[in-house]
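Beneath this line is the structure, given in structure tokens, with notes to follow.
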Amino acid sequence: DVIEDLSSYSITAFQRAYTNLGPRYQSAVDQSLQYVEQAQQKTRNLMLFSGRVDVAIGDKRIFGYFNNEISNEVDATQPTTYHDIFPPTPYKVAFRNVATRDRFNKGLAEIRKNGTYTTIEKKYSKY
């Protein structure tokens, strides 16, 4: 499974995916049957499970979370296959002032120490 395989499918992706995912992605989706970017993740899930597109591009955990949000609108238990065709994205946080950064770092260190961080990770890793 490679990025170029996307050219054979109808696709929904997150807003600015075309710009953010690079030239190989741009070339593939330029050749796709249909390509649309949606700001709302819920809409991508609805489009996929209602059969309006073949592929939804996004983070697996976010996709899984929003399946719960749409379960009364479509059958979100339909089989899905995930393909890791993009390298992982290392997310970062930026702060405008040092005091806010320091409070954030202190709070993050605290929840890592007391186990809250691990609990949050486990909650979302099921998706």
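Cα-Cα over 23 Å: which of Lys92/Lys122; Lys60/Lys113; Lys106/Lys126; Lys42/Lys113?
Values: Lys92/Lys122 20 Å; Lys60/Lys113 27 Å; Lys106/Lys126 27 Å; Lys42/Lys113 34 Å.
In this structure, Lys60/Lys113; Lys106/Lys126; Lys42/Lys113 exceed 23 Å between Cα atoms.
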Report the one residue of Ser7, Leu108, Val29 whose Cα lies farthest in the direction of the positive end of the charge dipole of the chain (charges on C-beta: Lys and Arg +1, Asp and Glu -1; origin at the Cα centre). Leu108
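What part of the accessible area of the chain, given as a whole %, is carbon or sulfur when the probe is 1.4 angstrom?
Its accessible area is 49 percent carbon and sulfur atoms.
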Within 10 Å, count the other beta carbons around each residue, average over each peptide in 16-25, 46-55, and list them highest first. 46-55, 16-25
Label-point gap, in nm, between Ser125 and Lys106 - each point 7 angstrom along Cα→Cβ: 2.9
Label corresponding to Cα Rg over 2.2 N^0.38 Å when calculated from the structure given, among (1) 1.27; (2) 0.98; (3) 1.12: (1)
Computed from the beta carbon distance with a Förster radius of 22 Å, FRET efficiency for Gln78 and Arg24 to the nearest 0.05 stands at 0.20
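The values are calculated or read from the model by the stated rules, or taken from the named source; none is laboratory data. Just so it is clear, the structure is predicted and the values come from calculations on it, not from any experiment. Please note: Cβ atoms are built from the backbone with ideal geometry, for glycine as well, and neighbour counts cover all protein chains shown. Ligands, DNA and RNA are stripped out before the accessible areas are found, and what is left, the full protein with its side chains, is counted by its heavy atoms. Shrake-Rupley method; radii C 1.70, N 1.55, O 1.52, S 1.80 Å.
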